[in-house]
Structure formats: structure tokens, C-alpha cells
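Working notes, structure below.
The values are calculated or read from the model by the stated rules, or taken from the named source; none is laboratory data. Keep in mind it's a predicted model, so treat the numbers as computed, not measured. Note that we place each Cβ from the backbone using ideal geometry, even for glycine, and neighbour counts take in every protein chain shown.
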Amino acid sequence: MEQFLTSLLGDTIWVHIIMGALPLVFILPYALVTIYLEMKIAAHMQDRLAYMRTGWHGTLQPFADILKLLQKEDTIPTAADKILFLLSPYIVFTGTYAAFAVLPFSKAYIGSDLNIGVFYIVAVSSLVVVGLLMAGWASNNKWSLFGALRSAAQIVSYEIPSAFAILAVIMITGTMSLNSISDFQSSGIQNWLIFGGPFPMGKKLLLFPFMLIMFVIYYVASMAEVNRTPFDIPEAESELVQGYNTEFSGMKFAMFYLSEYANLFVVSAIVTVLFFGGWASPFGTFMSGPGWDAFWFITKGMFFVCVNIWLRWTLPRLRVDQLMYVSWKVLTPFALFCVLAIGLIVVW
Amino acid sequence: MNPVKEYFNGVYLGVKTALIGMRVTFSHLFTPAVTIQYPTQKMKLPERARNRLYVNMDDCIGCDQCSMACPVDCITIETIKSTPEDNLGVTSTGQKKRLHVPVFDIDIAKCCYCGLCVPPCPTECIKMTDVYEFAEFDRHNLIYSFATMTPAEIETARVKAKKMEEEAAAKKAAAAKAAAEAKLKMAQAPAAQSATTSPVAAPQPQQSAPVQVGPLPVSAQPKADQPTAENPPADAGPKQE
Ligand code: SF4
Ligand code: SF4
């Protein structure tokens, strides 16, 4: 795609601007759809109807929400640390948006095909923690601070099992580029890493249970990293008002909101790339091509977003100690064991 | 249980219960919603649901029973007596209407929908309806006036009633006067006979007193009757037996 744009526009700055802005073009409609989906799924799981008045079945409600957020007065607490307070939502969003740079939406479109793609994602998503800590600290509100601290503790703890899961995939594929990882799993659903990857039958069968466990570990860890229920203790409404974003309103709150949903897509996309073939069509060469690739990538990503919403409305929030227990005493040892096992199988 | 077993059991249970929960929520995703779209769709009210009151003024006889039954005193009724020549008609239950009802206000804001005002009504004209959407911006709009009389009608009714009352008062005064005269006459008559009656008459007043209570409410009568106590015992005697 970059070559295509270069041939179209010449080697100008515009090529880079377009390449850089494309994910934003995706994020905004995606956020609207997901906000709508979230409310609808939540409501129907509780035998309710959710929005029904705005447009057909309330389809215009997300627009109304955005409009409301835009009009809202943007307050800054007098005792807040102004600079950090103003900066934090943008840092959080930047951290989230930076991850989009290496997401392979299609074989033809990837913002930057870094050869350390996965590593880059792990690194930049840590920027989100900094933003959250800043938000909580600068608000000068004890609930916000608690939320921020919890969030930092949680994200740092869960990065370990998720890094192990990523490590396992890297051991199998031998590459860190998300595009190459997807390419590795192309040509059919049986080659997806969750089913053992493109290996002979025996190896596949051996790999399958470990990959399944790894997938579960990564999915749970990623859910914790995006602060979604059942791991939403940084926001814990019942204890902490709204956590780190209590004091934010208007556009700044919208930024947090947007980055939460964008982050949700990023982790779902990574799950897709690591275990479910990324942009690869499940039918081999059938329905593949640049356009179809993007379709499969977004469909798979949205599927995991929906699963996340499904889990959110199923499970209650964990306690802080349970959260740490799950991370350090369950996910991490299991992940370690699986990494070891997968390593042995790959070498064998 | 040994710790290792407990640990693995915990992990197994955690995963299993999460999956069970997911199954439950997933099945609910496709069960029809129980909510209804309220203003456009409404629930069927149960029979005898208690909501806004309605008074059918054509049947109201102004007996004030409902107002007396009301625990929060939210019904205000004023009545004017009708004159014999006014024909107010009969209610649907066949009762003759004798009173004009110029004021019949129910302060529905105070009403607690207990329904206690409904059963006492002799003509069954105050009743609960199924209307429950009557919110107002001003609470004074919640005082419902059911009276149907126009101010002019009320005025004529008042004047007539007053006139009738005056006539009645005049009649009463005349009656009282007549009674007083009668009393005077009677007082003179027994005085002549007192010597013969006194031995028998002595216990009479105590015994005859309860008998007098009955006809007491009949206006203007007591005064006329009072002297009978002093009447000759020949009259009073057989009545008591
Ligand atoms: S329903 Fe109860 S409170 Fe309301 S007017 Fe009748 S008696 Fe009074
Ligand atoms: S009880 Fe019935 S008839 Fe009597 S005043 Fe009330 S509404 Fe009228």
C-alpha cells in the first residue's frame, strides 16, 4: 500500500500522513459500533432492550453520546497538576494509537512492518500505564490515585504471562513481525497456531493443548491489561467512584473512553494475529486478497471484542488479592510450563 | 485436601464456572427481553387496580360518605339543600337526589389510592379508573373539581336555599311560639288538677324520659313534647307497657 501511495503521490510527506491516519479512520467508526454493541449485548444478556428511541433500535445513540461529550464543560480541578492533567488523556491515547502502527490489517496494509513488531507493541502499550498513573496522580483525588496505582500494578503483573504467551508464538514462528506471523499461518484454518500451526500431524497434536492454554492465558491477561471487567478494579465504580478518570470530563474523558475501546481492539487484534491467523482467510486462497484480508482481520478482531464484552457481562469483578493470585500463582506458572513444553516440541 | 490438589482443583473450578457463566449469559442473549417500551406499549393493569378517581356527578347525592371515609381528607364536598319544587332527579340506583353539590374537589396529589372512599358510596358513583398518567407541572392542577354546577346555578340554588331556610326558620319560630302558648295553657290546666295527680305522677318523669329520646331529632318537636311529661298519667301510662 505504501508503494501504491508513493507511486500515486510521489515520495512526499502525504504518503506518511495518509498511512498514519488510516487507523484513525478505522478507530472512530469502530468505537461507535463497539459502544453500541456493548450496550446492546449487555442489555440482551440481562433480558433488556437497551437503546430503542434514537433511530432504528437506538442506532444513533453512540452519536448522541459523542455529541454530549463534545458539549460538556471541560473542568479542571483547581488543586490538580494542570500540565500532567491536560497531558494524560493524550498520552494514553498515543500509547494506544502507537500500537496500531504495527497491526497488519491486511497483507498489503500495515503501518510499519517492523521486524520487532510484537516487542514494539509490548513496549508502547506500557506508555498507557504512564498515562493512567499521570491521570490519577495529577487529579489530586485519592480515588483517582488508588485507581491509577491499581491499574499500574495490574498491567505490570499481567504483562508477564502475556509476554510468555507471545514468546511461545515467537518460538514457533521464528519472527516478531506481525505480518510474518500472519503469513506463517495462512493457507487454511488448520494452519492457525491455535490448532498447532503448519506442522506435520504429530507435532500439531502435541502443540494443540499447549497453544490452547496459551491462548486462554493471553486472553485473560489481555483483558486485564485493558482494564475490562472482571479485571476493572482500577475503575471499580463501587469502591473508587470511577478510578483514574474520575475528575475528567468532556473531551478528555472521551479520549480515555476512546482509548479504552481502541485498546480493546488492539489486544483482540493481537490475539487474532498470534493464534487465529491474523489477516489470513480460513479457507486458504479462497476469499483472500488485500480487501478480503482486511475483512478477515477486522471480523476476527471484532469477534474477540464481542467475546470480551460477553465475558464482561458474565463475570463479576475480582478482588485485588484475587487479581494478583490469578496473575502470579495461576497464569505465570502455567505460562512458564507451557513455554517450556512448546520450546521442547519445537526443537524436537 | 492436599495443597497441590486444592490448587489444581481451584484452577479447574475457576475455568469451569466461568464457562458455565458464559453459557448462561449466552442463552439469555437470545431470550426475548422482558422490558416493554413504556409510553407506546403498556402493561395490562390487573382487575381492580387503583388509580385515578372518577366521580360520576349525575349519580352523586352529596352524602359526604366518601369524604368521611378518606384517611387523608382529600375530598372536599359542599352541599346546598334543594327546595321541594326543584326536581334534581334520581340516581341510576333509584335514589332521589335532595342536595345540590356545588363543590366536589379531590386533591389527587394527597390521595394515597387506598380506595376507602369507594365502598361507602351509596350510589356507587365514585370509583377508581385505570388512568395513571396524570403528572402535572403545577401541583394545583392536581386538585380535580368534579362539580358540574355553573356559578350562576350555584348562586340561584344558594338564594333559594336561603329563602327556604328563612321560611323554615319563620315556621319554626311560629311553631315555637305556638308551642310556648300551648305550654302556657297546659301549665295552667294541670295546676288546677295537681292535687289529685301528684301521687301517681311522681315516678313518671324518670320512666318516661327514655321514651322521649326517640322522636327527639325531629326538629321543633322536643319543645312541643316536653310538657307531656307533666300530662295527666292516664296518657303516659299505657304507652310504656
Ligand atoms: S382513595 Fe383513599 S385517599 Fe384517595 S380519595 Fe379515596 S379514601 Fe381518600
Ligand atoms: S359517597 Fe358517593 S354519593 Fe356520597 S358524596 Fe361521595 S360520591 Fe357522592
**OP:** Test B:Q41 against the criterion of being farther than 24 Å from A:T314 by Cα, free of Cβ contacts under 8 Å to residues at least 60 places away in the same chain, of a type outside the set (G, A, S) and facing another protein chain (nearest Cβ under 8 Å), and give yes or no.
**Re:** no
Original post:
Of A:P198, A:P230, A:P234, A:P209, which residue is free of Cβ contacts under 8 Å to residues at least 24 places away in the same chain, not aliphatic (A, V, I, L, M) and not in a helix (DSSP H, G or I)?
Top reply: A:P198
**OP:** Give segment A:135-146 a look and list any residue that's closer than 17 Å to A:P77 by Cα and either assigned to a helix (DSSP H, G or I) or charged (D, E, K, R) (or both), or say none.
**Re:** A:A135, A:G136, A:W137, A:A138, A:K142, A:W143, A:S144, A:L145
Original post:
What pairs come up if the first residue lies in segment A:289-306 and is under 17 Å from A:M223 (Cβ atoms), the second is of a type in the set (F, W, Y) and not in a helix (DSSP H, G or I), and their beta carbons are under 9 Å apart, counting only those six or more places apart or on different chains?
Top reply: A:K300/A:F276; A:K300/A:W279; A:F303/A:F276; A:F304/A:F276
**OP:** Quick one: which residue in A:I160, A:I155, A:I181 is within 27 Å of A:V346 (Cβ to Cβ), of a type in the set (A, V, I, L, M) and crowded, with 19+ Cβ neighbours inside 10 Å?
**Re:** A:I181
Subject >> Evaluation of B:D138 against (1) over 30 Å from B:A168 (Cβ atoms); (2) within 14 Å of ligand 1 (Cβ to nearest atom); (3) free of Cβ contacts under 8 Å to residues at least 24 places away in the same chain (one fails), failing number >> reply: (2)
Subject >> Scope segment A:296-325; condition farther than 21 Å from A:P104 by Cβ and among the polar types (S, T, N, Q); matching residues >> reply: A:T314, A:Q322
Subject >> Test set (1) farther than 18 Å from A:S162 by Cα; (2) buried (at least 23 other Cβ atoms within 10 Å of the Cβ) - A:S238 fails condition number >> reply: (2)
**OP:** Kindly list the number of the only condition in (1) more than 16 Å from ligand 1 (Cβ to nearest atom); (2) more than 9 Å from chain A (Cβ to nearest Cβ); (3) part of a loop (DSSP other than H, G, I, E, B) that fails for B:N9.
**Re:** (3)
Original post:
Any chance segment B:49-58 includes a residue that's in a loop (DSSP other than H, G, I, E, B), of a type in the set (D, E, K, R) and either within 16 Å of ligand 1 (Cβ to nearest atom) or under 30 Å from A:V326 (Cβ atoms) (or both)?
Top reply: yes
Original post:
Can you tell me how many residues in segment A:27-63 are in contact with a Leu (Cβ under 6 Å, 6 or more places away or on another chain), of a type in the set (A, V, I, L, M, F, W, C) and more than 8 Å from chain B (Cβ to nearest Cβ)?
Top reply: 1
Subject >> Every residue from segment B:1-43 that is at pLDDT below 85 and basic (K, R) >> reply: B:K42
Original post:
Given the conditions (1) within 16 Å of ligand 1 (Cβ to nearest atom); (2) closer than 30 Å to A:N308 by Cβ, which single one is not true for B:T35?
Top reply: (1)
**OP:** Kindly check whether there is at least one residue in segment B:86-94 that is in a loop (DSSP other than H, G, I, E, B), at pLDDT below 85, among the small types (G, A, S) and within 12 Å of ligand 2 (Cβ to nearest atom).
**Re:** yes
Subject >> Matching residues, segment B:97-115, being away from ligand 1 (no atom under 11 Å from the Cβ) and of a type in the set (K, R) >> reply: B:K97, B:R98
Subject >> Boolean, B:T17 is assigned to a loop (DSSP other than H, G, I, E, B), surrounded by 10 or more Cβ atoms within 10 Å (Cβ to Cβ) and within 14 Å of another protein chain (Cβ to nearest Cβ) >> reply: no
Original post:
Is there a residue in segment A:108-125 that is over 20 Å from A:A269 (Cβ atoms), part of a helix (DSSP H, G or I) and touching a residue at least 40 places away in the same chain (Cβ under 8 Å)?
Top reply: no
Original post:
In segment B:63-85, how many residues are more than 9 Å from ligand 2 (Cβ to nearest atom) and either part of a loop (DSSP other than H, G, I, E, B) or touching a residue at least 40 places away in the same chain (Cβ under 8 Å) (or both)?
Top reply: 11
**OP:** Out of the residues in segment B:104-140 that are out of contact with any Ser or Thr (no Cβ under 6 Å at 6 or more places or on another chain) and of a type in the set (V, I, T), state the one that is farthest from ligand 2 (Cβ to nearest atom).
**Re:** B:V131
**OP:** From B:T79, B:T93, grab the single residue that is in contact with a Cys (Cβ under 9 Å, 6 or more places away or on another chain), within 16 Å of B:A147 (Cα to Cα), more than 16 Å from ligand 1 (Cβ to nearest atom) and hydroxyl-bearing (S, T, Y).
**Re:** B:T79
